[in-house]
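First comes the structure, then the notes that go with it.
The values are calculated or read from the model by the stated rules, or taken from the named source; none is laboratory data. Treat the numbers as computed from the prediction; the structure is a model and nothing was measured. Don't worry about glycine lacking a Cβ; one is built from the backbone with ideal geometry, like all the others, and counts go over all protein chains shown. The protein model used for the area step is the full one, side chains on, heavy atoms only, and it has no ligands, DNA or RNA in it. Shrake-Rupley method; radii C 1.70, N 1.55, O 1.52, S 1.80 Å.
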Amino acid sequence: MALALTTARPTLRLAGIALLGSWLLAASAQVSLPMWPVPATLQSLAVLLLGALGGPAAGLAAVLAYLAQGAMGLPVFANGAAGPAALIGPTGGYLLGFALAAWLAGFARGQGFARQAVVLLAAHLLLFVPGVAWLSGYVGLARAFEAGFLMFVPGTLVKTALALALLRALARR
């Protein structure tokens, strides 16, 4: 019995972190600037922090829990969107990119300043790869690159710097 409890604890801990992280991600999706075809939200900041604070597995689990909640119809996506249509709509690639970015950001955990900065920036940029690729099916590659990436570069730099600052501040505690 003691062995079962010992092995169940890490799984329960990961599940708890994933659930709480998915709620943080859902809340960050509601802080939105209405832009077309992709809204600007605080989701990428949350994704970076989920990975960097929890590690690759916890960050990925939180994003997958978030995606599952949205797919089941809970209004967790940007501006309260929900359901499978949101997953296959113009922003569907970014939602997939969140999973990749959270996983990669997890490798910033426990690293020094420079390595954390590089990993977080790489993770943030990684989410744009499937995002822009998927969006290009709706608006063409040139427009997807412009409206789905270039417009977001200033915010990406600010949110990455903020994630790094928060991560460093929390590490000092």
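Side notes on the structure shown:
- Boolean, GLY55 is closer than 16 Å to ALA101 by Cβ, within 17 Å of the chain's Cα centre (by Cα) and either among the basic types (Lys, Arg) or surrounded by 15 or more Cβ atoms within 10 Å (Cβ to Cβ) (or both): yes
- Qualifying residue in the stretch 125-132 (condition: within 22 Å of LEU64 (Cα to Cα) and touching a residue at least 40 places away in the same chain (Cβ under 8 Å)): yes
- Per-region count, the stretch 1-42, residues of a type in the set (Lys, Arg) and modelled with pLDDT of 90 or more: 1
- When residues in the stretch 76-88 are screened for being closer than 18 Å to LEU42 by Cβ and open to solvent by 80 Å² or more (accessible area, probe 1.4 Å), 1 of them pass.
- Applying the condition of being part of a loop (DSSP other than H, G, I, E, B) and under 19 Å from the mean Cα position of the chain (by Cα) to the stretch 124-170 and asking which residue is farthest from LEU87 (Cα to Cα) yields PHE149.
- Of the set (1) closer than 18 Å to ALA26 by Cα; (2) over 16 Å from the mean Cα position of the chain (by Cα); (3) not hydrophobic (A, V, I, L, M, F, W, C), all apply to TYR94 but (2).
- Leading residue by the ranking (most open to solvent (accessible area, probe 1.4 Å)) among those in the stretch 106-153 that are among the polar types (S, T, N, Q) and farther than 21 Å from GLY21 by Cα: GLN111
- Residue check, ALA102 hydrophobic (A, V, I, L, M, F, W, C), in a helix (DSSP H, G or I) and open to solvent by 30 Å² or more (accessible area, probe 1.4 Å): no
- Residues (surrounded by fewer than 24 Cβ atoms within 10 Å (Cβ to Cβ), free of Cβ contacts under 8 Å to residues at least 60 places away in the same chain and not in a loop (DSSP other than H, G, I, E, B)) located in the stretch 30-49: SER32, LEU33, THR41
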